[in-house]
Amino acid sequence: MLFESEVGDKSSLRERVFKSIREAILKGEYKAGDVLRETIIAKELNVSRTPVREAIRQLELEGLVYSIPNKETVVSGVSEEDVHDIFLIRSRLEGVAAKKAAECITQEEIKEIEEVLELTRFYAQKGDVTRIGELDHRFHDLIYIAAKSKIMKQVLSDFHTYVQKTRIASIGVPGRIEGLLKEHTAIFEAIKAQNGKEAEKLMNQHIRKVSKNMHITDE
């Protein structure tokens, strides 16, 4: 991905550089142990080293990279323990988000989720795991938005992004696409009916099923 030179909103540029590098790490394009070189990344993104350096500092705060003093920056990535912890937290919070969404979702938000489910059905017939993974991300993100909690949305969106590589792998498990679609549809119907208790229960069950598919459990 090439970014235009630093013209205009510098904070926006820093954020785009940060997200680009983070996405490359989470997708496995940069693997654990890889060295991040500012000059190479800056050239690839068509920016100066300054926003790259700032992005790397932010990535270090998130624990995705670590620096060896006076030497280099190394990718630490997301470990199996990190994934376990993320799903443990998600299993507690996602149900709350679904419950809140059921209490205050708008008609426009309902329509957006319906469109995502229609697209999921379409790509399920084609067995397109990558596209379904993207739609899975969008489905959950729309629920976070409908919950009307900026803090919850930020936390859960980040967690969902951090395990995207593992999630997509789990979608490829035989029968999982059909299961995911069925679970998403049930959650949506509960939210649409403004049944917060049912939406919370179904979402918690959904997250547990996802974690078990990836052999992650908090039991």
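The values are calculated or read from the model by the stated rules, or taken from the named source; none is laboratory data. Values in this document were obtained by computation on a predicted structure and should not be read as measured data. Neighbour counts run over all protein chains shown; Cβ positions are idealised from the backbone, glycine included. Note: areas computed on protein heavy atoms with side chains; ligands, DNA, RNA excluded. Shrake-Rupley method; radii C 1.70, N 1.55, O 1.52, S 1.80 Å.
Please work out if residue 209 is more than 21 Å from residue 22 (Cα to Cα), at pLDDT below 95 and open to solvent by 40 Å² or more (accessible area, probe 1.4 Å). Let's see the steps before the verdict.
Values: more than 21 Å from residue 22 (Cα to Cα): yes; at pLDDT below 95: yes; open to solvent by 40 Å² or more (accessible area, probe 1.4 Å): yes.
When the stated conditions are applied, residue 209 passes them.
Given the conditions (1) under 29 Å from residue 167 (Cβ atoms); (2) open to solvent by 60 Å² or more (accessible area, probe 1.4 Å); (3) modelled with pLDDT of 85 or more; (4) in contact with a helix residue (DSSP H, G or I) (Cβ under 7 Å, 6 or more places away or on another chain), which single one is not true for residue 23?
Condition not satisfied by residue 23: (4).
State all residues of segment 66-103 that are aliphatic (A, V, I, L, M) and either touching a residue at least 60 places away in the same chain (Cβ under 8 Å) or under 26 Å from residue 211 (Cβ atoms) (or both); if no residue qualifies, say none. Please lay out each step first, then the result.
Of the residues in segment 66-103, the ones aliphatic (A, V, I, L, M) are 68, 74-75, 78, 83, 86, 88-89, 93, 96-98, 101-102.
Passing the criteria: 75, 78, 83, 86, 88, 89, 93, 96, 97, 98, 101, 102.
Report whether or not residue 127 is of a type in the set (Gly, Ala, Ser), in contact with a helix residue (DSSP H, G or I) (Cβ under 8 Å, 6 or more places away or on another chain), under 22 Å from residue 87 (Cβ atoms) and open to solvent by 20 Å² or more (accessible area, probe 1.4 Å).
So residue 127 does not fit the description; no.
For segment 141-174, enumerate the residues that are farther than 17 Å from residue 211 by Cβ, open to solvent by 10 Å² or more (accessible area, probe 1.4 Å) and part of a loop (DSSP other than H, G, I, E, B).
Scanning segment 141-174 gives 148, 149, 174.
For segment 176-199, name all the residues that are open to solvent by 50 Å² or more (accessible area, probe 1.4 Å) and either without any contact (Cβ under 8 Å) to a residue 24 or more places away in the chain or over 28 Å from residue 26 (Cα atoms) (or both). Can you show your working first?
Start the filter on segment 176-199 by keeping residues that are open to solvent by 50 Å² or more (accessible area, probe 1.4 Å), which leaves 178, 182, 189, 192-195, 197-198.
Hits for segment 176-199 are 182, 189, 192, 193, 194, 195, 197, 198.
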